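Here is the structure we will look at.
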Amino acid sequence: QKLEWAKLVNEKTVTNDQHHVELAANIGTPNDVKGVLENGAEGIGLYRTEFLYMGRSDFPSEEEQYNAYKTVLESMEGKPVVVRTLDIGGDKELSYLSLPHELNPFLGFRAIRLCLEETAIFRTQLRALLRASKFGNLKIMFPMIATLDEFRQAKAILLEEKGKLVNEGIEVLEKIEIGIMVEIPSTAIMANVFAKEVDFFSIGTNDLIQYTMAADRMNEKVSYLYQPYNPAILRLVDMVIKAAHGENKWVGMCGEMAGDEIAIPLLLGLGLDEFSMSATSILPARSQLKQLTKTEAKTLAQKALLMNTAEEVMTLVKEVF
Ligand code: PEP
Ligand code: MG
């Protein structure tokens, strides 16, 4: 099987009935890019930049960030690289940034919420990203967007920094796609509204499942509620994909679900354009997708949307494939 997978490294991901989907990788640091290329990813669908900020005693400087982003963009040689802006808070803390103690950190002051208030931190990161943009195919993504206003504010700050750099005579890639993570139910439900203003969506199922099922993703006692195949989750994913396509925008998924072999036929059938996963899952997923047909996957997904439980969906997928 390993040998069969190895043959797929330089191939595109095409289903048995000739539909192309993009298989991308999730990374945490520039060191991860080697594995991404070795496993034949068509791009990076999620660069979790918070790792640049963690395990140290002060914020990374603009220069340090610029170098990290530039390295990743250059190594990917023009393939798309989706960089997510700082997603700190929740379970991820910084020793040098004292935040108020919270009863519900996952529902608290984190990610874009923090960046929109601590704008100096946000602006430094955006400047580093914009300066690095000319070295590749950069797309910028905001995490934990819950309202349209948050997206508009974040985008306005980004465009402001871009304008400043241009005035300073610094070269910035003209066309940078700006997208959001869909990981909060309000945003999934309002996806048709967001789709008019964003360039793309990436569905973050790790958090979307946590918030939809009201089950802490770190708490083993409630881990039985972490149900990617629950029709409630599938319906949200379906809404987001339909909303994106209605405005001719692309939609990816960068939560764990995207690399799950039971979920893959369902996501193909719902029309997902990009699957972003850990590098080691890429070749198995490509091999699986080559054997599937989009037509059959569509029929399967339509049935799954009408099922009653996650169990029923799982049984259905296993029966068909
Ligand atoms: C997600 O929530 O699905 C996601 C990809 O982001 P993270 O796991 O970093 O919260
Ligand atoms: Mg998340």
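How high is the relative contact order of the chain? Use alpha-carbon pairs under 8 Å, at least six apart in sequence, and give a whole percent.
Rounded, it is 20 percent for the chain.
Give or take rounding to whole Å, what are the principal axis extents of the alpha carbon atoms in the chain, in descending order?
Sorted from largest, the Cα extents of the chain read 58, 45, 36 Å.
Given segment 135-276, what count of lysine pairs have C-alpha atoms under 20 Å apart, with each pair 8 or more places apart or on different chains?
16
Cut-off is 10 Å between beta-carbons; in what order do L73, L289 appear when sorted fewest neighbours first?
L289, L73
If you average the sequence gap of Cα pairs under 8 Å that are 6 or more apart and divide by the length of segment 1-112, what percent do you get for the contact order?
After rounding, I find 23 percent.
As I understand it, the dipole of the chain uses +1 on the Cβ of Lys and Arg and -1 on the Cβ of Asp and Glu, about the Cα centre. Which of M253, G28, P185 lies farthest toward its positive end?
Of the listed residues, the answer is M253.
I need M253, M54, M190 ordered by Cβ neighbour count within 10 Å, fewest first.
With the fewest neighbours first, M253, M54, M190 line up as M54, M190, M253.
When the expected Rg is taken as 2.2 N^0.38 Å, what fraction or multiple of it is the alpha-carbon Rg of segment 174-295?
1.05
Take each uninterrupted DSSP H stretch in the chain, measure its Cα extent along the helix axis, and return the ones at 15 Å or beyond whose mean Kyte-Doolittle hydropathy is at least 0.0.
Length and hydropathy pass: 119-132, 231-246, 310-320.
Which is farthest toward the positive dipole end of segment 91-208 among N167, A146, L107, measuring Cα position about the Cα centre, with Cβ charges +1 (Lys, Arg) and -1 (Asp, Glu)?
After comparing all options, I get N167.
Computed on alpha carbon atoms, what radius of gyration and Dmax characterise segment 117-213, expressed in Å?
When restricted to the Cα atoms of segment 117-213, Rg and Dmax are 14.3, 49 Å.
With each run of n ≥ 4 DSSP H residues scored as -39500 (n - 2.57), what mean residue ellipticity at 222 nm is computed for the chain after dividing by its residue count and rounding to the nearest 500 deg cm²/dmol?
Values: 15 runs with 145 residues, N = 321.
The helix-only estimate for the chain comes to -13000 deg cm²/dmol at 222 nm.
Compute, for the chain, the length of the dipole vector about the Cα centre, with Cβ point charges of +1 (Lys, Arg) and -1 (Asp, Glu) only. Units Debye, rounded to 20.
Values: 34 positive and 45 negative charges, 98 e Å.
Charge dipole of the chain: 480 debye, to the nearest 20.
With a 10 Å cut-off between alpha carbons and a GNM built on the chain, which of M239, M141, M181 moves the most?
The residue that fluctuates most here is M239.
Each residue of segment 29-41 in order: what ³J(HN,Hα) in whole Hz does its phi give by Karplus 6.51 cos²θ - 1.76 cosθ + 1.60, θ = phi - 60°, with x for Gly and Pro?
Per-residue couplings from phi come out as 9, x, 4, 6, 5, 4, x, 5, 6, 4, 9, x, 5 Hz.
Using alpha-carbon positions, what is the distance between the centroids of segment 257-292 and segment 169-233, in Å?
Centre-to-centre distance over Cα atoms comes out at 18 Å.
Read-outs: derived from the displayed coordinates by stated rules, not from any lab. No experiment lies behind these values; they were computed from the predicted model shown. Here the Cβ is made from the backbone with ideal geometry for all residues, glycine too, and neighbour counts use every protein chain on show.
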